[in-house]
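None of the figures in this text is laboratory data; all of them are computed from the coordinates on show. Predicted, not measured: the structure shown is a model, and the values here were computed from it. Neighbour counts run over all protein chains shown; Cβ positions are idealised from the backbone, glycine included.
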């Protein structure tokens, strides 16, 4: 369960982050492969997941699937809009600053779009997903990620 606004007088209410399939529930699923309901505060503007990528890649690894599934389930349960922000590091040697900026922007956008495609595959309404690319300076020390934020 997650805390969410929407109770009387704006008090937090509990919403499920994970509902097992009937077969999984009958089997008593509670492992990370079939996660139990998690308690966490989820308010508009909150980061709900960070998806890590290998250097120079926009491919989502299997290790990141559980985070994406939870974000998708949260968005679906609240009919919420998600913002996906892709980042890229300043690594690599490009000929010229403009080429480096373009390469980093493209990698950032590729990562955000890969996450958005996976969220849509998991059932999130594509009209409720916004993607954004951030330059390497915004990523700080870790530019090999995409972050998912709950917008409403």
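Sequence gap at least 6, Cα distance under 8 Å: using those rules, report the relative contact order of the range 44-150 to the nearest whole percent. Spell out each step's value before the answer.
Values: 197 pairs, mean separation 48.6, N = 107.
Computed value for the range 44-150: 45 percent relative contact order.
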Hey, can you rank 98-109, 66-77 by average C-beta count inside 10 Å, highest first? 66-77, 98-109
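Suppose we keep just the DSSP beta bridges with both residues in the range 44-150; what percent of those would be antiparallel, to 5? Can you show the working numbers first?
Details: 10 of 15 bridges.
Roughly 65 percent of the beta bridges in the range 44-150 run antiparallel, per DSSP.
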